[in-house]
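Notes follow once the structure below has been shown.
Any read-out appearing in this document is the output of simple, stated calculations on the displayed coordinates, not a laboratory observation. Because the structure is a prediction, the values reported are computed rather than measured. Heads up, the Cβs are rebuilt from the backbone with ideal geometry, glycines too, and the neighbour counts pull from every protein chain shown.
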């Protein structure tokens, strides 16, 4: 047995922490009060007493008309916002009738092919009153789905300043985290990401056009430091680009939000959340000279770590998720999604979804942990770890910049290699038993009792979507469509914002897949260098 | 199925027969020489192009675009992608094909990934045999793609009719290192990702360095491409054909084929001798005795090696 | 030079989770195999590549729920093209209820998320069917 201990990201851990471990840090300067720079203790002075973290659970399945029923059900039961997830073909920009979509239509999310589908999805839903979190991972599909949402508002006579919602819109998701048969080059995806943010900054005052997705990067295979550093590097790249386009930093910085993955290393995860606020504040204040304090607020959503869940003895996952959820509260998350215990291997069953909801409610009202702000502040260990995490995050951001910035790091395959190496090391550590997982390689379950895996299938969704597409293609005005598509192509070739072109294509009833096809043809296809 | 049964199918253009023959040759099976000597008569027609350059320059993407273009022109194309084997396990992770997936369905196109399998230069020992097989299978053009470092340049040059070196803007010192030998071997230089800043500068740098190289009949071309958008590939093909015409007119085309046959002759002789030597050596009493003495420290390994080789050669004659 | 086992590794269809497939590929490389990584592909392209690479093993990775349709299709097409002796393995998140149907369709084995990669290596060594691979 070795007597060296490390956090998951590799920070050495001592047996005991004492005042001298944080002796060098000035409280007001380095930590500060909640709601005060550098926001280590939270972006709001009263935190959860002011507003509890939002309980967010995902919704999205089948055809838009099926999902519409669910949205209305949620709203009738007191929800103020809806979180829409899309099926894989929609996420990756294929119509339901394309060969690539076979077998995936309406599974794990709702299928959206056209403006009409978007209108069906939100039929009888007051979009000027509810906040729609539209979980569009990729910039290339964000610009299309966002355009559909806006054109829908236009058609209903709702002005853009009434619309509120969130996109993910992260080019790292498009080019690094997920693989696919057809991927846009990083530069193009990054441009579309910035186009959406720029457009929202100018036209949609209540919209959050980006949520830098550390979560999926972490799940793909990085440690806590890399998770935060890459997201912040993306925020830096975005800010530089938008400033180059002539926007003042205070016009867009407060729209940036973040999305963290909380894994099992309890104190490191808490330190990560606290440190991420500190580094973001530094970047916005010192580097971009933000004047508005809100520009320096890092707000983030937390989801508990899917990657820590096991298919063996799935009920153990309830314990894992609860502890991760507790860490999110100590970290000062703005909103929280607790994974269902079966989320690692299936769409949540009703029972599993209920337990995850109940876990959040237990944390909120039974444990009293939300009653005081940042209760771990002042712990020698937590403060030390926070400073150390901040230092390592800064170093990693510097490393990315040294390599030419985040877009260049993606283009060269460096970031993919970082992920691949980490995942490979982790797998080796698990196989060797160095990294222990209860029930899997540590005190292995006697009768490897795996949970029953249920997969929801909607056999007729694909057919319904195909029929609607056929009808739409026959009905729409061919001339208007052709003109809109030519203008879209031209827009791709120039440096102007793509959004107005996409909106025009959407008005002309171009489908999601047709618009994406233009992107693929104009920007070219790319595959990341792996080996 | 025996190799003799696979040959007619190879000539008829059956990809599975070609593929299985390649495996047998790549794995140095007992039929290797039999196969190669039979197909030799069918070789010599394919135009062989070597594509090399630093990692990340876009070789695979260029290959993909070029092959697509050639396939559209109705040409039959073979592609050999070489990646290094792991020196530790002997296994390999071959990842070039991921960028060539649009070619999978193109008729007449055949792509094979090869691991270098311990070859020092980085080019697979089997690469030249695989090229011969693709040639024998009736491919009009065979492309060999490999990371160009160290000795690979020379190996490619020996194998290919035309050698293409791919680079990208902003490699900076990268171009400087080309000076060391590689400027001489490339017939065509490509500055890929030409939409990027510094592309024209890179082209200028290359032109400048080329002007310092001793002038030959063929003045190497410097081309710009943006392979992702499939720009500049038609021009690349024109330059390749131009070079090919020059080779044919100057007699180089035939000379290259004679050289290749000579290389095969020399290398295979070496291989056969080595193989035989090794086989005998392993069971040789003399070697065991020498080993014992080296182990004991009563003899140094250099003297022992000299002794063994001289003994072996003496017994051959 | 001895015979190497050649593995073709593909992500099935639109499934985005590449990390597992790459980690497995790298560990098979460490076990001395030659792994061609294909990225995301549909059955027709996987077959073409399997032919051209003369693969001994085809590994299909999916966490996207498309296994039931696409997995058996790969086996069927391989058989049609005279490559019925290729060992077809699946890995990823696959419901237990679907496994009998996959096995019946000719998928040799299905490896879940908690598989130790050594198990895959051992399985390949024990089950290689191609005559040429045995030599």
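Some observations on this one:
- Of all beta bridges that DSSP places with both ends in the protein assembly as shown, some 5 percent have antiparallel geometry.
- By the Cα gyration tensor, region B:265-316 has an equivalent ellipsoid whose semi-axes, rounded to whole angstrom, run 24, 11, 9 from largest to smallest.
- Panel order for B:88, A:61, by other beta carbons found within 10 Å of each beta carbon, from fewest to most: B:88, A:61.
- Equivalent ellipsoid dimensions for chain A as semi-axes, Å, which come from the Cα gyration tensor, largest first: 37, 27, 23
- 20 °C / 1.002 mPa s Stokes-Einstein diffusion coefficient of region B:196-289, Kirkwood radius on C-alpha pairs, µm²/s: 118 µm²/s
- Beta bridges per DSSP, both residues in chain B: antiparallel share near 5 percent.
- For chain B, modelled as a GNM whose springs connect Cα atoms under 10 angstrom apart, the maximal fluctuation among B:287, B:70, B:265 occurs at B:287.
- Take every DSSP beta bridge whose two residues both sit in region C:1-127; close to 0 percent of them are antiparallel.
- Long-range tail of P(r) for region B:1-41 (Cα pairs > 17 Å, %): 16 percent
- Helix A:414-432 vs. chain A, principal-axis angle (Cα, 0 to 90°, nearest 10): 50 degrees
- Each helix, a run of at least 4 DSSP H residues, gives -39500 (n - 2.57); summed and divided by the residues of chain B, these come to -16000 deg cm²/dmol at 222 nm.
- Cα-based shape type of region B:43-250, given that a ≥ b ≥ c are square roots of the gyration tensor eigenvalues and the cut on a/c is 1.5: rounded
- Residue of B:55, B:87, B:169 that the Gaussian network model of chain B assigns the largest fluctuation, springs spanning Cα pairs under 10 Å: B:87
- Here B:77, C:69 are placed in order of increasing Cβ neighbour count within 10 Å, fewest first, which gives C:69, B:77.
- Based on every Cα atom in region C:3-77, Rg and the maximum pairwise Cα distance Dmax equal 11.7, 35 Å.
- Chain A - mean residue ellipticity at 222 nm from DSSP helices (-39,500 (n - 2.57) per run, n ≥ 4, rounded to 500): -15000 deg cm²/dmol
- Kirkwood-based Rg to Rh ratio, region A:335-453, C-alpha trace: 1.06
- Relative contact order %, region B:45-97, counting alpha carbon pairs below 8 Å whose residues are six or more apart: 22 percent
- GNM remark for chain B: springs join alpha carbons under 10 Å apart, and the peak mean-square fluctuation among B:254, B:208, B:36 falls on B:208.
- Gyration tensor (alpha-carbon) shape descriptor, chain C, a/c threshold 1.5: rounded
- Note that region A:247-386 shows a convex hull volume over its alpha carbon atoms of 131 Å³ per residue.
- Kirkwood hydrodynamic radius of the protein assembly as shown, Cα pairs, Å: 30.6 Å
- The fewest-to-most ranking of A:144, B:222, B:49 by surrounding Cβ atoms within 10 Å reads B:222, B:49, A:144.
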